[in-house]
1. Can you give the FRET efficiency for residue 247 and residue 117, using 1/(1 + (r/R0)^6), R0 = 51 Å, r = Cβ-Cβ distance, to the nearest 0.05?
2. Could you give me D for segment 260-419, from Stokes-Einstein at 4 °C and 1.567 mPa s, where the hydrodynamic radius is the Kirkwood radius over C-alpha pairs? Units µm² s⁻¹, please.
3. Using the Karplus curve 6.51 cos²θ - 1.76 cosθ + 1.60 with θ = phi - 60°, what ³J(HN,Hα) values do you get for each residue of segment 318-323, in whole Hz, with x for Gly and Pro?
4. Residues with beta-carbon under 12 Å from that of residue 270, excluding residue 270: net charge, scoring Lys, Arg +1 and Asp, Glu -1?
5. Once every DSSP H run of n ≥ 4 in the chain is given -39500 (n - 2.57) and the sum is divided by its residues, what mean residue ellipticity at 222 nm do you get, rounded to the nearest 500 deg cm²/dmol?
6. With every protein chain present, what is the per residue accessible area of the chain (1.4 Å probe, Å²)?
7. Among 81-88, 110-117, 48-55, 328-335, what's the highest-first ranking by average C-beta atoms within 10 angstrom per residue?
8. Could you tally the net charge around residue 6, taking each other residue with its Cβ under 9 Å from the Cβ of residue 6, Lys/Arg +1 and Asp/Glu -1?
Amino acid sequence: AAVAGVTVILRDTDSPEHDVAATARSFSALPGVSVLVAAEVAPYPPVPLPAGVAVLALRPEPQRSPPRPELAVRTRHVALVPDGARAAPGLLRRMRDVLEAAAATEVKVVAAAVGRRRPRCLEVEVDIKAWTGDQQGAQQGPQRCGALDGAPAVLLLRTRDLFSLPFPLTVPVVTSLSLQASLRGWRLLLLPDSFPLAPRPPPSPHGQWRARQSLQSQHRALLDLFGLKLEVLPDGQRRWHGCAKDTPRCFGTVLAQTPRYLLSGRWTPPCCLRALRAAGVRHWLEGGSLLGAVRLGDIIPWDYDVDVGLYLEDVPKCRWLAAVAASGRPVEDPGGFLWEKAAEGEFFRVHFSRSNRLHVDLWPFRPGHRGMMTKDTWLGHAQDVEFPESFVVPLGTVTFAGVAAKAPNDPRAFLEFKFGPGAVERPEYPNPQVRRL
């Protein structure tokens, strides 16, 4: 059973200029406080730690049992302390008392600043399905926050709560804990108190550069661990962490019309949706893309391509399609988009780039018997049915991904003709036999 007291965990000790020995010495002198130095490997160069301070190695090693950091903490409460902090008499105890007084609320973490700068108090919404983290500013002062940012802080919480998290000691600690707290509806209570910060000589320009690089690397690794491709910052700016023009797309080959991310409870990564929107559309929207336009004015959140119909006789009028049709080889246009003949049937694809294979499918139609439009090859999709040419003579428009896109003149009737009554109001994944919405 856990015992009264607080275990201090020092986590950010990867810099050669760390202050871990003095920080550990300061907190280990407090009554009822034990100190652990948690790191992937023991600090290097070796650190003369005070008596009773143990190193908790987090990286699995083939010659020993897997790390179980929760077994090393025997107290009811744990404090995550940044490097360079100094103990303040009675402050850990006050933080613990405040936490216990808030036991009936959603407050699971009590925080106090380290040094003169106070952290920013933020509201954070993590949308795992949309691969997105949204941050919004909050008022300063003693308050309940969704997250902290911008300055070091000591975080105190119950040991059982910390080790109920999937990534309890992942760095950067404050960001990692804030993201996980957001997913669980936890709140952080920021106190007006603060811990002293040890005076240290300013780092050299190279040291500053190394510190920035380390923090950026930790941040990228953390977002990758959480599967976040997009950060919406408090000022509204967007920071992208997913695929781009010069990278592969975020998902592999799609089988049974069901991308792997749907099986993980996620929708199409936002970077992929952005790339699909950037490709643009001409002629008329087809299939799931038209469904998205009518339902949302945009791409369906779980779609992974865009479908566009065109007249077969108009293929020679498009420079890039004509070049593909004539040579049979892919053609790259000045915008970096790659046009090619699809291997699966008589249609074309426009890829976002040679590296990133997000694509728009271009389906050539031709007038058939009794005024019908038909494709030369059918792939077995629900949308692969002949339809009256009157749907596209004349063409109409719909809003799609921020532009006025050409579409059948009666989009709802067109969709119900292909997918059945109620297709617009009843969304469903492409292959419900594999994954239902």
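The values are calculated or read from the model by the stated rules, or taken from the named source; none is laboratory data. Quantities reported herein were computed from a predicted structural model and do not represent experimental measurements. When we count neighbours, we look across all protein chains shown, and the Cβ atoms used for this are built from the backbone with ideal geometry, even at glycine. The protein model used for the area step is the full one, side chains on, heavy atoms only, and it has no ligands, DNA or RNA in it. Shrake-Rupley method; radii C 1.70, N 1.55, O 1.52, S 1.80 Å.
1. 0.90
2. 80
3. 9, 3, 6, 5, 4, 5
4. Local charge sum for residue 270: +3.
5. The per-residue figure over the chain is -7000 deg cm²/dmol.
6. Per residue, the chain has 49 Å² of solvent-accessible surface.
7. For the peptides 81-88, 110-117, 48-55, 328-335, the packing ranking is 81-88, 110-117, 48-55, 328-335.
8. +3
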